[in-house]
Amino acid sequence: MEKIILIKYAELNTKKDNINMFLKTLKQNLEKRLCKYDIEITYDKGRMFVKTEDRFDEVEEIVRNTFGIHEVITGYELINNSLEEIEKQTILFVKDLSFKTFKVETKRSDKTFPLESLEVSRRIGGLILKNKENVKVDVHHPELVFHIEIRKDKAYIYYETKKAVGGYPVGTLGKGLLMLSGGIDSPVAGYLAMKRGVKIEAIYFESPPHTSVEAKEKVLSLAHKLSEYACDEIKVHIIPFTDIQEAIYKNVPHDYLVTIMRRMMYRISARVAYQNRCKILINGESIGQVASQTLTSMSVINEVVKMPVIRPVACFDKLEIIDISKKIGTYETSILPYEDCCTIFVPTHPVINPLKEKCEEYEALIPYEKLIEEAIQNKTTVKGIKQEFEDLL
């Protein structure tokens, strides 16, 4: 009997004819995330199996936090699927377990097995009652559910299942460009997009000397953290935004500064996305959170691009977003006190219901096409880096 990790797919089971592509990608993603460990991964349309003798608990935790997996099971693989072997290992298995009530659930994908699932459950349940003192069957609220899976040539027994992160394997649903700032919301948006199978690259707007090197390193650190879920280091396209931001500040009424700045960011992001074969833009906008995130503002800002814009946290409140950021490990970095270009030059009273006609009138005062082309030509592309910031945490 060998200890093994069993993976349940859940949502992937709806893919039918396309499931092989999803499972192949999931296996590749697991192999990337577990490259430091000695593992063996096999799969079929019903289950994926991970074997390792190398820090089992660590491997299980990484598997549980890989997108595309519904549940992770610590199970035991029997040397064959004979009834005699199942009975023998059941007695050994439950011997050291502590429980008062139980039930047995059997799944039998091998239809050549001589007994049906319910018959196996009854037989194994009787065997447990016979060999374990002071226990009884409770089919409604058992303390322990003893599972048996009978597959071709193999059988598996287990009792412990852990909920995993779900979603689709990263990379199965195309690629998007994440507008990544140093705040709390955009890393969470990136995480949730990846959960739906979207591979991401990121774009960051820097505005030296108004923004610091530490602000950029903070963003690269966030990208590195997200890379743990992406199964590969995330590319970050860094856009020099100083000239555009200063031109806006000098020529645009201050209540429209944020609106015009965001419209420029959208234009640049869409062009960089097209260059890098991204199908969508992704950002951390949440309805009503700031002036540029009213429905009117988002509509006026959004109209400068034709590419779809996905806002995974649009309907979350701030506390919900913070909870996710803590869970995924980005919160402590996001709250470090380094300002990005979205937080400088913010007017005291930004417009919350901007007019498209006003935006076009103010943008005509700026040679923005030329400035945008220069910014894109001068962009640099790097991968996320690990930045500790130990003195500030």
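The values are calculated or read from the model by the stated rules, or taken from the named source; none is laboratory data. What you are looking at is a predicted structure, and each value in this text was computed from that prediction instead of being measured. Please note: Cβ atoms are built from the backbone with ideal geometry, for glycine as well, and neighbour counts cover all protein chains shown. Only protein heavy atoms, including side chains, enter the accessible area calculation; ligands, DNA and RNA are left aside. Shrake-Rupley method; radii C 1.70, N 1.55, O 1.52, S 1.80 Å.
Quick notes
- Residues of the range 114-151 that are small (Gly, Ala, Ser) and touching a Ser or Thr at 6+ places or on another chain (Cβ under 9 Å): SER117, SER121.
- Condition met for LYS163 (under 31 Å from the mean Cα position of the chain (by Cα), open to solvent by 70 Å² or more (accessible area, probe 1.4 Å), closer than 25 Å to ARG47 by Cα and not aromatic (Phe, Trp, Tyr)): yes
Residue by residue, here is whether (1) open to solvent by less than 30 Å² (accessible area, probe 1.4 Å); (2) part of a loop (DSSP other than H, G, I, E, B) holds:
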{"position": "CYS278", "(1), (2)": "yes, yes"}
{"position": "GLY288", "(1), (2)": "no, yes"}
{"position": "VAL313", "(1), (2)": "yes, yes"}
{"position": "PHE316", "(1), (2)": "no, yes"}
{"position": "LYS326", "(1), (2)": "no, no"}
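- Residues located in the range 1-44, provided they are of a type outside the set (Asp, Glu), surrounded by 13 or more Cβ atoms within 10 Å (Cβ to Cβ) and modelled with pLDDT under 85: MET1, ALA10, LEU12, ASN13, LYS15
- Hits in the range 166-183 (condition: aliphatic (A, V, I, L, M) and either surrounded by fewer than 22 Cβ atoms within 10 Å (Cβ to Cβ) or free of Cβ contacts under 8 Å to residues at least 24 places away in the same chain (or both)): LEU173
- Each residue in the range 212-247 was checked for being open to solvent by 10 Å² or more (accessible area, probe 1.4 Å) and not in a helix (DSSP H, G or I), and 6 of them qualify.
- Residue check for TYR362: over 30 Å from GLU228 (Cα atoms), touching a helix residue (DSSP H, G or I) at 6+ places or on another chain (Cβ under 9 Å) and among the hydroxyl-bearing types (Ser, Thr, Tyr): yes
- ILE301 meets the conditions (1) touching a residue at least 60 places away in the same chain (Cβ under 8 Å); (2) touching a Phe, Trp or Tyr at 6+ places or on another chain (Cβ under 8 Å) in every case but one. The failed one is (1).
- Contacts under 7 angstrom Cβ, first residue in the range 86-106 being within 14 Å of ILE124 (Cα to Cα), partner open to solvent by less than 40 Å² (accessible area, probe 1.4 Å) and basic (Lys, Arg), 6 or more apart: VAL94/LYS132
- Top-ranked residue in the range 291-308 [being surrounded by 15 or more Cβ atoms within 10 Å (Cβ to Cβ) and among the aliphatic types (A, V, I, L, M); ranked as modelled with the lowest pLDDT]: ALA291
- The residues on offer are LEU336, LEU257, and the sole one that is of a type outside the set (Lys, Arg), under 30 Å from PRO209 (Cα atoms) and not in a helix (DSSP H, G or I) is LEU336.
- The set of residues in the range 118-164 being acidic (Asp, Glu) and within 14 Å of THR101 (Cα to Cα) consists of GLU133, ASP138, GLU143.
- Of all residues in the range 45-85 being of a type in the set (Lys, Arg) and within 20 Å of ASP153 (Cα to Cα), the one that is most open to solvent (accessible area, probe 1.4 Å): LYS45
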